[in-house]
Ligand SMILES: Nc1nc2c(ncn2[C@@H]2O[C@H](COP(=O)(O)OP(=O)(O)OP(=O)(O)O)[C@@H](O)[C@H]2O)c(=O)[nH]1
Ligand SMILES: [Mg+2]
């Protein structure tokens, strides 16, 4: 548990937040800028593997260190790696599902690919938030805020955020809110209290 005005060091590795979404939606750019790095202006190269990011924020006077896990992109769409994706989420304290507002396919895949996993995570008591990334690149036909809010509601995501890592807008808000959402789950798991419902969930994949 986080002590009042205490801290959780990065090495504790206790709090873990998974960031998931289709390939190329901007997950790594979000985590790079949120962890103090510069927006990577380089040409996009699909990730072969992903790394974790230690990010610290002060929440209600307590410093929280969180490991953000940049989920490997194709994991949810391939049956062979879907179970791993699911388990990665189950081992976390919150999940952030991302799409890019100018990429309709990434938006519809939240429903078509990710929603089933989100349901299992939700059923185990994990908080899930939804983020529309690349909000600065909102061309014609882009996903509207209304559509995104409706999607958040339909998959059971607690909140929807619009973010531009490039413009540095909305980054702090979504990171702070997802950490805030994860804190009670960290406390619950640390207490060994309340159902770790993992055992009770039967996965048919
Ligand atoms: N305009 C704009 N482009 C962005 C933004 N965030 C990321 N991009 C660009 O989108 C491309 C993909 O960004 P990444 O952060 O690598 O996306 P990703 O989801 O990590 O990609 P994978 O790891 O391959 O799944 C890159 O060319 C980025 O420069 C943003 O906020 N605005
Ligand atoms: Mg990436």
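Bear in mind that the values in this text are calculations on the coordinates, not laboratory data. Computed from a prediction, not measured in an experiment: that's the story for all the values here. Here the Cβ positions follow ideal geometry from the backbone for every residue, glycine too, while neighbour counts run over all protein chains shown.
Modelled spin labels at residue 137 and residue 112, positioned 7 Å past Cα toward Cβ, are 2.0 nm from each other.
Counting alpha carbon pairs within less than 8 Å and at least 6 residues apart, what relative contact order, in whole percent, applies to segment 4-190? Numbers along the way, then the final one.
On the way: 346 pairs, mean separation 47.1, N = 187.
In percent, rounded to a whole number, it is 25.
Extension gain for residue 48 to residue 149 (0.36 nm times residue separation, less C-alpha to C-alpha distance): 33.2 nm. Does segment 10-133 come out rounded, prolate or oblate, given a ≥ b ≥ c as the square roots of the eigenvalues of its C-alpha gyration tensor, rounded meaning a/c under 1.5 and, failing that, prolate meaning a/b above b/c? Note, shape of segment 10-133 comes out oblate.
With a simple spin-label model that places each label point 7 Å from the Cα along the Cα-to-Cβ direction, the separation between residue 35 and residue 119 comes to 3.3 nm.
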